[in-house]
Amino acid sequence: MGIERSARDTRGADDDGIWGGDWDCSGPWWRLGLFSVAILMAGAGPGRVMAEDPSPLAKAVFVIVDGIPADVIERVATPQLDAVAAIGGYTRAQVGGPVGTPAETPTVSAPGYMSLITGTWANKHNVRDNEGLEPNYDYWSLFRLAKSVDPPLRTGLFSTWTDNRTVLVGSGLADTDNLSIDYVADGYERDPDRFPPREHEQHIQVIDRHVAAEAAEVIATEGPDLSWVYLQYTDDMGHEWGDGPEFDASVRVMDSLVGQIWAAVQERQERLGEDWLLLVTTDHGRDVETGRDHGGHTPRERTIWMVTNSQRLNARYYRQPQIVDIYPSIAAHLNLAIPSTVAAGLDGRAFID
Ligand SMILES: [Zn+2]
């Protein structure tokens with residue numbers, strides 16, 4: 001914990017005009033949480049207001065758990081999610097975009113993740129399936145936003161599906177300006193020697209457990225400023241069994257894994273006084289007849305849910321927020337000023353003030 005604190009403090013001290021008496025706008029003033037003395041800017045020009053109230057360091061982790069309809073998360077006992085929601089809130093939400101318009105987006109996994117991490121629908125991000133993807137990187141991911149607005153921010157991606165980093169986020173690609181992720185735990189589903197396939201996709205449960213443990217460990221010890229955790233096992237059980245006890249059991253496994261991440265977040269908040277946002281959501285629901293399928297635009301497929309510990313939720317959170325609202329909400333929590341060119345493309349609005 002001392003490492004990133006000292007790095008941050010050094011960075012702040014090295015920014016001309018930030019600590020000195022000669023206040024100008026050359027430094028990265030936009031992320032107030034960076035400094036032990038908050039600098040409140042009334043605008044971009046002269047007339048800034050300074051406050052001496054300490055501003056806790058803002059950090060965020062979002063977790064996507066795959067393919068859990070809202071009615072299921074509301075019926076199955078999930079004590080860990082309940083504990084998070086008791087601090088912030090639970091809400092039903094929506095994925096899939098406006099039906100019958102160019103922005104209509106399949107209720108399929110990768111399009112859902114892409115809608116979350118770009119804050120746009122498929123007519124912009126161009127991801128409509130899980131394979132053969134050609135994302136439009138002109139719509140910046142949250143990770144590119146963070147690294148562009150505040151380069152010293154450290155990011156993490158912990159995922160049971162490697163394409164989330166290599167394809168959707170586009171880590172290391174020229175089209176994303178060689179975006180890099182600082183802490184990575186993925187590639188396990190491509191490592192049959194270490195995680196040999198087992199019947200009923202039990203190796204995916206093993207990988208989810210490994211991913212969650214890695215995420216909790218890195219959050220506890222390194223505290224990345226922005227992290228994405230992706231857990232897949234629930235969707236595999238949904239496809240195999242449909243609605244029923246097997247699927248419900250996978251939801252309970254998911255809840256326990258999210259609990260590990262929540263424990264790491266709480267521990268850091270108590271030990272370091274950081275201001276953490278944890279947001280847990282899903283990427284789509286399932287069909288009403290069997291629960292095995294998804295991809296269409298029935299209410300059960302389009303209805304998702306969110307759980308967060310945020311205590312800065314506005315009314316939008318409880319009025320069927322959209323998955324694309326998460327992007328500006330996380331940016332708001334992190335005090336990231338979204339460049340106007342990026343903001344102009346966003347399809348969502350923040351539910352965090
Ligand atoms: Zn999915």
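The values are calculated or read from the model by the stated rules, or taken from the named source; none is laboratory data. No experiment lies behind these values; they were computed from the predicted model shown. A quick note on method: Cβ atoms are made from the backbone with ideal geometry, for glycine too, and the neighbour counts reach across all protein chains shown.
Taking only region 84-104 into account, find how many residues are within 16 Å of the ligand (Cβ to nearest atom) and outside any loop (DSSP other than H, G, I, E, B). Please lay out each step first, then the result.
So the first thing to find is which residues in region 84-104 are within 16 Å of the ligand (Cβ to nearest atom), and the list is 93-97.
Keeping just the survivors that are outside any loop (DSSP other than H, G, I, E, B) gives 93-94.
Summing the residues that are within 16 Å of the ligand (Cβ to nearest atom) and outside any loop (DSSP other than H, G, I, E, B) in region 84-104 gives 2.
Count, please, the residues in region 205-238 that happen to be of a type in the set (Asp, Glu) and within 13 Å of the ligand (Cβ to nearest atom).
Within region 205-238, the subset of a type in the set (Asp, Glu) is 208, 214, 217, 222, 225, 235-236.
Okay, now just the ones that are also within 13 Å of the ligand (Cβ to nearest atom), so 235-236.
Matching residues across region 205-238 total 2.
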Scan region 262-271 for residues that are of a type in the set (A, V, I, L, M) and in contact with a strand residue (DSSP E or B) (Cβ under 6 Å, 6 or more places away or on another chain) and jot them down. VAL265
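Among the residues of region 241-255, is any farther than 25 Å from ALA216 by Cα and touching an Asp or Glu at 6+ places or on another chain (Cβ under 8 Å)? Let's see the steps before the verdict.
First, the residues of region 241-255 that are farther than 25 Å from ALA216 by Cα: 241-246.
From what is left, the residues that are touching an Asp or Glu at 6+ places or on another chain (Cβ under 8 Å) are 246.
There is at least one residue in region 241-255 that is farther than 25 Å from ALA216 by Cα and touching an Asp or Glu at 6+ places or on another chain (Cβ under 8 Å).
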Listed residues TRP276, TRP241; which is within 16 Å of the ligand (Cβ to nearest atom) and aromatic (Phe, Trp, Tyr)? TRP241
Taking region 165-222, which residues are among the hydrophobic types (A, V, I, L, M, F, W, C) and surrounded by fewer than 15 Cβ atoms within 10 Å (Cβ to Cβ)? LEU173, ALA174
Within the set of pairs 6+ apart or on separate chains, which have a first residue in region 120-135 that is assigned by TED's automatic domain parsing to the domain that holds VAL167, a second that is of a type in the set (Phe, Trp, Tyr), and C-beta atoms under 7 Å apart? THR120/TYR139; LYS124/TYR139; HIS125/TYR139
Tally time: how many residues in region 105-128 are more than 14 Å from the ligand (Cβ to nearest atom), β-branched (Val, Ile, Thr) and assigned to a loop (DSSP other than H, G, I, E, B)? 1
Would you check which residues across region 318-353 are in the same structural domain as TRP140 (by TED's automatic domain parsing), under 16 Å from the mean Cα position of the chain (by Cα) and not in a loop (DSSP other than H, G, I, E, B) and list them? GLN322, ILE323, VAL324, ASP325, ILE326, TYR327, PRO328, SER329, ILE330, ALA331, ALA332, HIS333
Going through region 303-345 one residue at a time, which ones are surrounded by fewer than 20 Cβ atoms within 10 Å (Cβ to Cβ), touching a residue at least 40 places away in the same chain (Cβ under 8 Å) and not hydrophobic (A, V, I, L, M, F, W, C)? GLN311, ARG312, TYR318, GLN320, ASN335, PRO339, GLY345
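Taking into account only those residues within region 176-218 that are acidic (Asp, Glu) and within 24 Å of the chain's Cα centre (by Cα), which is farthest from GLU267 (Cα to Cα)? Let's see the steps before the verdict.
From region 176-218, those acidic (Asp, Glu) are 177, 182, 186, 189, 191, 193, 199, 201, 208, 214, 217; that's our starting set.
In the following step, the residues that additionally are within 24 Å of the chain's Cα centre (by Cα) were identified as 177, 182, 186, 189, 208, 214, 217.
Numbers: ASP177: 35, ASP182: 22, ASP186: 24, GLU189: 30, ASP208: 22, GLU214: 16, GLU217: 11 Å.
Here the answer is ASP177.
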